[in-house]
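See structure below.
The values are calculated or read from the model by the stated rules, or taken from the named source; none is laboratory data. None of these values were measured; they are calculated from a predicted model. No Cβ is skipped: glycine too gets one built from the backbone with ideal geometry, and neighbour counts run over all protein chains shown. Note: areas computed on protein heavy atoms with side chains; ligands, DNA, RNA excluded. Shrake-Rupley method; radii C 1.70, N 1.55, O 1.52, S 1.80 Å.
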Amino acid sequence: MIWYPYVQMKNMETPYKIVDAEGVYLYTEEKKLIDSISSWWSVIHGYKRPELNEAMISQIQRFSHVMLGGLTHEPAEALSKKLEEFLPGDLNYVFFSDSGSVAVEVALKMALQYAMNRGERQRTMILALEHAYHGDTFKTMEAGDDEDYHFVLNAYGPSPHVVHIPTETEALEQAFQQYHERLNCMLVEPLLQGAGGMRMYDISFLEKARELCDRYGVLLIFDEVATGFGRTGHRFVADAVLPDILVLGKALTGGYLGHAATVANQKVYDGFYDDDPSHGLMHGPTFMGNAVACSVALRSIELFERENYMQKIRWIEEITRREMEGFTDPRIREVRIMGGCVCIEVWEEKTLEGYQQFAYARGVFARPFLRYLYAMVPYIITEEELIQVLDTMKAWFQER
Ligand SMILES: Cc1ncc(COP(=O)(O)O)c(C=O)c1O
């Protein structure tokens, strides 16, 4: 049987069985539901988009997959070239992998080996944020900071290789003061921390981080697996503050297939590029650069550009602000809005118990977690559909 994610199987609610999906809608046998969270924030163009289906089908008819070890192919070359143009600055060196977690692992390994290749073996520490989430593999759990996802690591005791700080400039400066000789990299979800509770913080923190990383020779890594492709209202936060390594996943393929990219700048790439074979990056997931995933990712980026998504995201944010204006309830701690993300944080977890069923009855699929009720809609949503999502969130408090 299927072992489902993030759940105690013994008392799990039966999952809704999806039989079809199109546009912003998921279909069960009896219900049509707006997917208010875009399949874990990935399906930005909605489901069954003809252009994306076509890109996949035509690639499958040529070939679906060949390894990248000793072979290469058009879809991987074209996507890497497209990313080179599409991403800011000199983020030009694209390492593919099959999921966001693995792509963050690759970024951390790249950063570590970068220091080793330079003979800086003492630089092993990661500076990360409180409430960080970077995936569920072991090193990403270690860099993460969320008891609810990562408590199993407590079995090993605290890690000497990671420091977590709040998103405050003072804490940032202090961490650099204290650890700069041992710091290898600073890893952040820029501006919006997703699974840690849709926490939003100011760009000035990242500007300061960039400055300190430069001053102390520390690599800055942006995990834009969740924030990339417009979610924060920036195309990439990297457009505003340039990291040394950028990690993309989720919406990279429009959410159609699992694929991810770790993109390095010239400085990082140069740290590997020399005559010593041991200075090469020793990594290679079997499905890296999968041809179908690359084809759909390429088409997804083309759609993103062609259809002026950044304007759509600004419009989603405007409507969301308008609809949420002045909305309060004693059970609510804070309402947060950024780009295509809205989050209602409540004081107590039990306030949200039963919301999923309530939303289902109103034609919305939602999946609040802990104290966070949120929406991250597909960008193709209409005003009416968006209002239905937001009204459902408000009704939970107004009607009970
Ligand atoms: C910021 C961030 N990094 C990494 C990941 C892990 O991605 P994946 O689930 O594709 O391994 C996630 C997933 O939610 C994420 O939000």
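Taking every protein chain into account, the accessible area of the chain amounts to 45 square angstrom per residue (probe 1.4 Å). Return the single residue from N308, N265, N53 with maximal mean-square fluctuation; model: Gaussian network over the chain, springs between Cα atoms under 10 Å. Of N308, N265, N53, the Gaussian network model singles out N308 as fluctuating most. For the pair K10 and E348, the difference between a 0.36 nm per residue extended length and the Cα-Cα distance amounts to 119.3 nm. Computed from Cα atoms, the angle from the helix 100-117 axis to the main principal axis of the chain rounds to 20 degrees.
The mean sequence separation of alpha-carbon pairs under 8 Å and at least six residues apart, normalised by the residue count of the chain, gives a relative contact order of 23 percent.
Taking the protein heavy atoms of the range 308-368 in the context of the full set of protein chains, the accessible area attributed to carbon and sulfur is 47 percent at 1.4 Å. Among the trypsin sites (Lys or Arg not before Pro) found in the range 119-194, those both in a DSSP coil and sparsely packed, with 12 or fewer other Cβ atoms within 10 Å of their Cβ, are R121.
Among the listed pairs K10/K32; K10/K139; K48/K82; K10/K250; K17/K250; K17/K82, those with a Cα-Cα distance over 25 Å are K10/K32; K10/K139; K10/K250; K17/K82. Can you tell which of Q113, Q61, Q193 shows the greatest fluctuation in a Gaussian network model of the chain with Cα springs below 10 Å? Highest fluctuation among the options: Q61. Between the range 89-149 and the range 336-367, what is the C-alpha centre distance in whole Å? That distance is 31 Å. Calculated FRET efficiency, M1 to F138, Cβ-Cβ distance, R0 = 30 Å: about 0.70 to the nearest 0.05.
Summary of packing: across the peptides 207-215, 127-135, 249-257, 147-155, the per-residue average of other C-beta atoms within 10 Å ranks them, highest first, as 249-257, 127-135, 207-215, 147-155. Across the range 170-260, Cα-Cα distances exceeding 17 Å account for 50% of all pairs. Pairwise Cα distances in the range 355-396 exceed 15 Å for 36 percent of all pairs.
DSSP finds beta bridges in the chain, and of those with both partners inside it, around 65 percent are antiparallel.
Semi-axes of the chain's equivalent ellipsoid from the Cα gyration tensor, sqrt of 5 times each eigenvalue, largest first, rounded to whole Å? List each step's numbers first, then the result.
Numbers: eigenvalues 228, 142, 76 Å².
Semi-axes (√(5λ), whole Å): 34, 27, 20.
Packing, taken as the mean count of other beta carbons within 10 Å per residue, orders the peptides 317-327, 95-105, 69-79 from highest to lowest as 95-105, 69-79, 317-327.
The amide H of L129, built 1.01 Å from its N in the peptide plane, has I165 as neighbours under 5 Å, considering only residues 5 or more places off or on other chains. Across the alpha-carbon set of the range 204-256, the Rg to Rh ratio works out to 1.03, Rh being the Kirkwood radius. In deg cm²/dmol and to the nearest 500, what is the mean residue ellipticity at 222 nm of the chain if only DSSP H runs of at least 4 residues count, each as -39500 (n - 2.57), divided by the residue total? Value at 222 nm, helices only: -11000 deg cm²/dmol. For the range 1-79, the set of chymotrypsin sites (Phe, Trp or Tyr not before Pro) satisfying both a DSSP loop assignment and a count of at most 12 other C-beta atoms within 10 Å is given as W3, Y6, F63. Altogether, the Stokes-Einstein calculation at 37 °C and 0.692 mPa s, with the Kirkwood radius of the range 74-175 over Cα pairs as Rh, returns a diffusion coefficient of 209 µm²/s.
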